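To keep things clear, I will list the structure first and then write my remarks on it.
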Amino acid sequence: MKRLIIGLIVLVGAVFGLDWILAPNYSQFDLTEEGAIEGQFIVFLKEKEKFSNQEKIYAFLERKGVRINRERVFADGIFGFSGKITKEELDRIEGWPLIRRVFSNVESYTQDFVVQTTRPRMQSDPIPQTTRPRMQADYDSLLQTSNAVKFVGGPISVESSSKKVWVLDTGIDGDHQDLQAHLVRSGNLAKSFIPDELEPYVDLNGHGTFCAGLIGAKSTDPESEFVRMNGVAPGASLVSIKVLNGEGTGDWGTVLSGISYAIARANAGDILSISLGSKYEKACDFFNDPSFGRLRNKIRQRGIFVVMSAGNLGLDDSPASPPSSLTNFPGCMDGDNFITVGSLTFGESIRVSDFSYIGMPSIDFMAPGDRVFSTYKGNQYSLQSGTSAAAAIVSGIIYLRSSPPAGNETVRGNAPDQTQYPIAKID
């Protein structure tokens, strides 16, 4: 039998050449952009029975002598892991070189890279809950909401729904008066993937609390003379998945762990709200790899929506050459049920915000993101600008509609962009 195997290898080598046999049959993406993490990789494994769940992958890595934090192993929609790994360890995972071409365990891998909150272009000082409304251009004191929420047709209270919005961000302030009653605390669904910040309902940054408020905050005192907050869908069920630290930064491997975790527990109609990213053109190419194809199919089959912010490096940073949303990851991800949102500035006129990324097919909708009022950490409130706000608003719209927003109206991009973008609204 051994002679037969050797004979087959020699025969294949004669036909295809030794380089073909020894070459691994997978895609490797080398990131050269600033922010790539040296020595830290994301490895996708082939869809095999031995990798069908997290425990099997973890056991396989242990047998290969590779030590990876269990939380960084993912096995729902995508199969693999992320972490510090050497070339020698990768060789052991791939398998015996002479049969690697056909039987490699690895489908693709890339350097891991830094991601961060879609940083606000403008952010006020925290607004105490005892503040009387003064920002009439930004806040509706009768509806106790941001005028951005009013613009899209909200707020519309949720009476009863089994749907959830999984907020992948810096955490949510679990003590905030307008959020605490609607945070999902049962079933151990909320989770932190940040080792030094293990409580998902503590937000040391404020960004996650801000986005959560726009989705589903509900005022605890409708008659209050002080500021309160009603989101697009007041009372929506919110689950905190902490994937960014108190500085608002993290890595894509951690975010993937959060996505895989949420997919495994989400039901049809649930929304993954992801307001984070960084500029990585090669990472956008990486999404077209078959590993991500399975992820796209899994999300479509499960009936889950993924809502992402487009990014904030727009015309004000590069007026001569508007940056394309196709360079901002993960907002560049495209596919059924993947929705990327850019920002609108509204008032006397409606226009695409100068800071917003632009470009189709990546961007699916525009929504208000300029001077938006919402909840903030420490039981406070904040006024911020950014595509994070726009994405959160669209997450609330989808929660109400159980489908993508209505896009009956459009707005033309800023010169030289002449694209007509759908404006996200409830009706």
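Quick one: length gained pulling Ser402 to Val114 fully straight, 0.36 nm per residue minus the C-alpha distance?
Values: separation 288, 0.36 × 288 = 103.68 nm, distance 3.22 nm.
Extra length from Ser402 to Val114 when fully extended: 100.5 nm.
Rounded, prolate or oblate: which fits segment 336-427 when a ≥ b ≥ c are the square roots of the eigenvalues of the alpha-carbon gyration tensor, with rounded for a/c under 1.5 and prolate only if a/b beats b/c?
On the way: a/c = 1.87, a/b = 1.24, b/c = 1.51.
Oblate.
Under 1.5 on a/c is rounded, so check that first for segment 223-317, then, if it is not, pick prolate when a/b is larger than b/c and oblate when it is not; a ≥ b ≥ c are the square roots of the alpha carbon gyration tensor eigenvalues. Walk me through the numbers on the way to the answer.
Details: a/c = 2.03, a/b = 1.30, b/c = 1.56.
Verdict is oblate for segment 223-317.
Quick one: if the Förster radius is 51 Å, what FRET efficiency do Thr131 and Lys298 give, using the C-beta to C-beta distance and rounding to 0.05? Please list the in-between numbers first.
On the way: r = 44 Å, r/R0 = 0.87.
Plugging the Cβ-Cβ distance into 1/(1 + (r/R0)^6) gives 0.70.
What order do Ile426, Ile350 take when sorted by accessible area (1.4 Å probe), most exposed first?
Numbers: Ile426 10, Ile350 75 Å².
Largest accessible area first, the residues go Ile350, Ile426.
Which sequence of Lys46, Lys84, Lys242 reflects their accessible areas, 1.4 Å probe, from the largest down?
Sorted descending by solvent-accessible area, the residues read Lys84, Lys46, Lys242.
Take the alpha carbon atoms of segment 69-83, find their center, do the same for segment 331-410, and report the distance between the two centers in whole angstrom.
Cα centres, segment 69-83 to segment 331-410: 30 Å.
Figure the gain on full extension for Gln123 and Glu348 (residue separation times 0.36 nm, minus the Cα-Cα span) and round it to one decimal in nm.
Values: separation 225, 0.36 × 225 = 81.00 nm, distance 2.20 nm.
Separation in residues times 0.36 nm, less the Cα-Cα distance, equals 78.8 nm.
Can you sort Glu49, Glu281, Glu348 by 1.4 Å-probe accessible area, starting with the largest? Walk me through the intermediate numbers first.
Working: Glu49 130, Glu281 105, Glu348 200 Å².
Result of the area sort, largest leading: Glu348, Glu49, Glu281.
When we measure straight from the Cα of Lys191, which aspartates and glutamates land under 17 angstrom away, once same-chain ones fewer than 8 places off are left out?
Glu71, Asp76, Asp169, Asp173, Asp175, Glu199, Asp203, Asp251, Asp270
Quick one: accessible surface of Asp285, probe radius 1.4 Å, all protein chains present, in square angstrom to the nearest 10.
90 Å²
The values are calculated or read from the model by the stated rules, or taken from the named source; none is laboratory data. Everything numeric here is computed off the predicted structure, so don't read it as measured data. No Cβ is skipped: glycine too gets one built from the backbone with ideal geometry, and neighbour counts run over all protein chains shown. Heads up: the accessible areas ignore ligands, DNA and RNA and are worked out on the full protein's heavy atoms, side chains in. Shrake-Rupley method; radii C 1.70, N 1.55, O 1.52, S 1.80 Å.
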